[in-house]
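Written below as structure tokens is the structure these notes are about.
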Amino acid sequence: METQLKTQCIELARKTKETDIALSLNLYGSGNAEIETGIGFFNHMLESLTKHSLMDIRLHCKGDIDVDGHHSIEDCGILLGKALYQAIYPASGIERFGNASVVMDESCVECDIDVSNRGFLLFDTHAYKLPFKGMVGGFDVELAEEFFRALCLNAGLSVHIVLKRGKNLHHIVEAMFKAFAVSFRRAISQNPRILTPSTKGIL
């Protein structure tokens, strides 16, 4: 069974006094990315997310990065989440649940996803031992949580991102984005035997 999600392309825009964002998303793509946010490391993270989720994402963001990256990163999460919501629901013919652990040298992050239509994020970095703060290039690592929260709440995804071990902030954040991507790819994998992945009869 094929679902209409196969070729569905979502195009959205969001403009505020802080950001101006245009997004195009194909849920079942080839991992092609065209990303420009003005924040180099964040571009790299979104490119990694795109590559490993096998979505196609084109995202251009002009934001007040002269203030800091918070508005741009959070608003990109909001818009991406809204696009995912439109592409996924009502969910049918998919696995619904996905899990992945991704290793980046000394770091390992696990991500568990339920395509539940109930937005929730558990973001656990206690294994870092220190306050999860610092800069990677122009990216404030505290904003990783803000991005994923905005994405999950707007996409209707229940997500647990747990740092299992790690010391290098670059490795940790990159493992987060990759673990989310792989887990999400698995959760939306099409399965013709699953008409509606819920005892409720609808998601």
| Which condition does HIS170 not pass, out of (1) over 18 Å from VAL136 (Cβ atoms); (2) touching a helix residue (DSSP H, G or I) at 6+ places or on another chain (Cβ under 9 Å); (3) open to solvent by 50 Å² or more (accessible area, probe 1.4 Å), if it passes all the others? | (1)
| Any chance ASN43 is surrounded by 16 or more Cβ atoms within 10 Å (Cβ to Cβ), under 17 Å from PHE139 (Cβ atoms) and out of contact with any helix residue (DSSP H, G or I) (no Cβ under 6 Å at 6 or more places or on another chain) | yes
| said: Just the residues that are charged (D, E, K, R) and either closer than 16 Å to LEU54 by Cα or in a loop (DSSP other than H, G, I, E, B) (or both), please, taken from segment 153-185. | reply: LYS167, LYS178, ARG185
| request: For SER183, indicate whether it is within 14 Å of GLU110 (Cβ to Cβ) and touching a residue at least 12 places away in the same chain (Cβ under 8 Å). | output: yes
| remark: Restricted to segment 145-167 and to residues being in contact (Cβ under 8 Å) with a residue 60 or more places away in the chain and among the hydrophobic types (A, V, I, L, M, F, W, C), the residue surrounded by the most Cβ atoms within 10 Å (Cβ to Cβ) is PHE147
| field | Residues located in segment 173-203, provided they are open to solvent by 30 Å² or more (accessible area, probe 1.4 Å) and under 25 Å from PHE139 (Cβ atoms) | value | LYS178, ARG185
| Could you say whether any residue in segment 115-125 is open to solvent by 30 Å² or more (accessible area, probe 1.4 Å), in a loop (DSSP other than H, G, I, E, B) and more than 28 Å from SER24 (Cβ to Cβ)? | no
| note | Considering only strands (runs of 3 or more DSSP E) wholly within segment 1-106, the ones with at least 3 residues that are within 27 Å of PRO197 (Cα to Cα) and touching a Ser or Thr at 6+ places or on another chain (Cβ under 6 Å) are 97-104
| So which of GLU18, GLU34 ends up being in contact with a Lys or Arg (Cβ under 7 Å, 6 or more places away or on another chain) and either of a type in the set (D, E, K, R) or open to solvent by 10 Å² or more (accessible area, probe 1.4 Å) (or both)? | GLU34
| message | Given the condition touching a Gly at 6+ places or on another chain (Cβ under 7 Å), open to solvent by less than 10 Å² (accessible area, probe 1.4 Å) and either polar (S, T, N, Q) or closer than 16 Å to ALA179 by Cβ (or both), answer yes or no: does some residue in segment 68-84 qualify? | response | yes
| message | Kindly evaluate HIS52 against the criterion of being under 19 Å from ALA150 (Cα atoms), open to solvent by 50 Å² or more (accessible area, probe 1.4 Å) and not acidic (Asp, Glu). | response | no
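The values are calculated or read from the model by the stated rules, or taken from the named source; none is laboratory data. The structure displayed is predicted, hence computed values, not measured ones. Cβ: placed from backbone, ideal geometry, glycine included. Neighbour counts: every protein chain shown. We work out accessible area using only protein heavy atoms, side chains counted, and drop any ligands, DNA or RNA first. Shrake-Rupley method; radii C 1.70, N 1.55, O 1.52, S 1.80 Å.
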